[in-house]
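Working notes for the structure below.
Read-outs throughout are calculated quantities, based only on the coordinates presented, and are distinct from any laboratory measurement. These figures come from a predicted structure and were not determined experimentally. Here the Cβ positions follow ideal geometry from the backbone for every residue, glycine too, while neighbour counts run over all protein chains shown.
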Amino acid sequence: MLDHMKNNPSEILDRRCELVYLFDVTQGNPNGDPDGDNAPRVDIETGHGLVTDVCLKRKIRNYVALTKDYAPPYDIYVKERGILANEQKKAYLDLGVTEGADRPNMAARAWMCKNYFDVRTFGAVMTMGKAPLEDAEEGKSTIEGKKAKADKKARHWNCGQVRGPVQLSFSRSADPIFSVSHTITRVALTNFDDTRREAAEGDTGDEKAATGQMGRKHTVAYGLYRAHIFISPFLAKDTLFSNADFVLLVDALRQMFEFDHSASRGEMNARALYAFMHSSALGNAPSHKLFDLVTVAAEPDARSFRAGRVSAPADGSEPVPGVHCHKLL
């Protein structure tokens with residue numbers, strides 16, 4: 001399947017596809033909840049761990065940015081700490097339009113899909129962005145080539161809405177997780193009065209903090225998580241999501257954790273990726289029946305990954321008429 005896509009990269013994805021993605025965490029926090037002291041997200045009724053779709057999409061975006069260096073057609077619209085209106089303005093200016101609009105500019109919408117990987121993959125709401133035409137100081141040349149005051153009037157760079165062909169579910173752990181809170185110490189302070197105590201004087205006369213600080217970090221001993229990913233060929237036709245984009249998405253799912261290590265996340269690894277490719281755009285079976293073909297045995301005391309607990313159709317098989325299963329990882 002991937003070989004065909006690599007050999008025909010410009011073709012628009014024209015068949016329905018569902019993915020089952022398995023990843024795990026060891027002694028780490030896969031996705032902290034800022035409303036819960038940044039503890040790992042959990043289903044409060046069952047105790048199963050959760051990872052949001054937004055968390056995985058951030059890692060996919062970061063991988064694409066790392067490997068493609070923000071170069072079109074693989075630029076990233078939702079950059080960390082980015083200003084979305086400035087990205088939308090680029091579409092208007094590249095099309096030679098210097099006046100914003102309250103109604104969506106469909107040419108600008110198409111430009112965003114063409115140049116931004118995450119727009120044509122996940123979609124975006126690009127209707128509300130406002131930014132000045134010029135951000136620079138006075139003296140910049142205008143469109144007529146004359147010197148003038150910088151135009152800092154905010155304009156509405158409306159690029160419309162895009163519904164992306166790739167949609168992710170929340171990830172859910174196979175077993176209930178148990179989050180442990182660890183107390184940690186900080187020996188250096190940012191400011192001498194962070195602890196509300198007077199600074200002390202060191203042996204050499206330099207200023208030192210009177211005491212350190214204490215904090216907390218949360219970890220899960222082990223958790224195996226499962227996400228479902230849906231890909232629509234009808235929306236792919238609208239955003240021009242191609243075979244090359246699909247291959248890049250698969251590469252990101254395989255490798256994104258390798259470039260996202262941190263002390264708080266512990267060890268996170270992609271463990272399995274199964275693709276159910278239909279023979280038609282409408283599909284040949286309900287997605288839930290295909291997801292049921294991939295099972296993960298319960299192992300509540302597991303502290304590491306064991307491949308034997310995962311059961312799935314053989315690579316290249318046709319478990320349901322018109323649907324082939326491909327093991328991509």
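Working out 0.36 nm times the residue gap between A188 and M214, then minus their Cα-Cα distance, what length gain in nm do you get to one decimal?
Contour length minus the Cα-Cα distance gives 8.3 nm.
Counting other beta carbons within 10 Å of each Cβ, put R61, R81 in order, fewest first. Spell out each step's value before the answer.
Working: R61 22, R81 4.
Ordered by Cβ neighbours within 10 Å, fewest first: R81, R61.
Any idea how far apart K327 and A221 come out in nm if each label point goes 7 Å out from Cα toward Cβ?
2.9
Multiplying the sequence separation of N86 and T98 by 0.36 nm and subtracting their Cα-Cα distance, what value in nm do you get?
Values: separation 12, 0.36 × 12 = 4.32 nm, distance 1.31 nm.
Extending this stretch completely gives an extra 3.0 nm.
At a 10 Å Cβ-Cβ cut-off, how would you order V54, V97, fewest neighbours first?
Details: V54 12, V97 16.
Going from sparsest to densest Cβ surroundings: V54, V97.
When a footprinting reagent is the concern and you count Cβ atoms within 10 Å, what order do D175, D102 take, fewest first?
Going from sparsest to densest Cβ surroundings: D102, D175.
Multiply the residue separation of E318 and V125 by 0.36 nm, subtract the distance between their alpha-carbon atoms, and state the gained length in nm to one decimal. List each step's numbers first, then the result.
Working: separation 193, 0.36 × 193 = 69.48 nm, distance 3.76 nm.
Length gained, E318 through V125: 65.7 nm.
Percent of alpha carbon pairs in the chain separated by more than 37 Å?
Numbers: 18562 of 53956 pairs.
Here the tail beyond 37 Å accounts for 34 percent of pairs.
Given K59/K90; K59/K327; K90/K327; K90/K217; K6/K57; K6/K59, which pairs have Cα atoms separated by over 30 Å? Please report the intermediate quantities before stating the final value.
Details: K59/K90 24 Å; K59/K327 21 Å; K90/K327 39 Å; K90/K217 41 Å; K6/K57 23 Å; K6/K59 23 Å.
Exceeds cut-off: K90/K327; K90/K217.
Suppose only helical runs count, i.e. DSSP H with n ≥ 4. What mean residue ellipticity at 222 nm does that imply for the chain under -39500 (n - 2.57) per run, divided by all residues and rounded to the nearest 500 deg cm²/dmol?
Values: 8 runs with 74 residues, N = 329.
One gets -6500 deg cm²/dmol as the mean residue ellipticity at 222 nm.
Report, in debye and to the nearest 20, how large the dipole of the chain comes out about its Cα centre when Lys and Arg carry +1 and Asp and Glu carry -1 on their Cβ. Display every interim value, and only then the final one.
Values: 43 positive and 44 negative charges, 168 e Å.
That gives a dipole near 800 debye.
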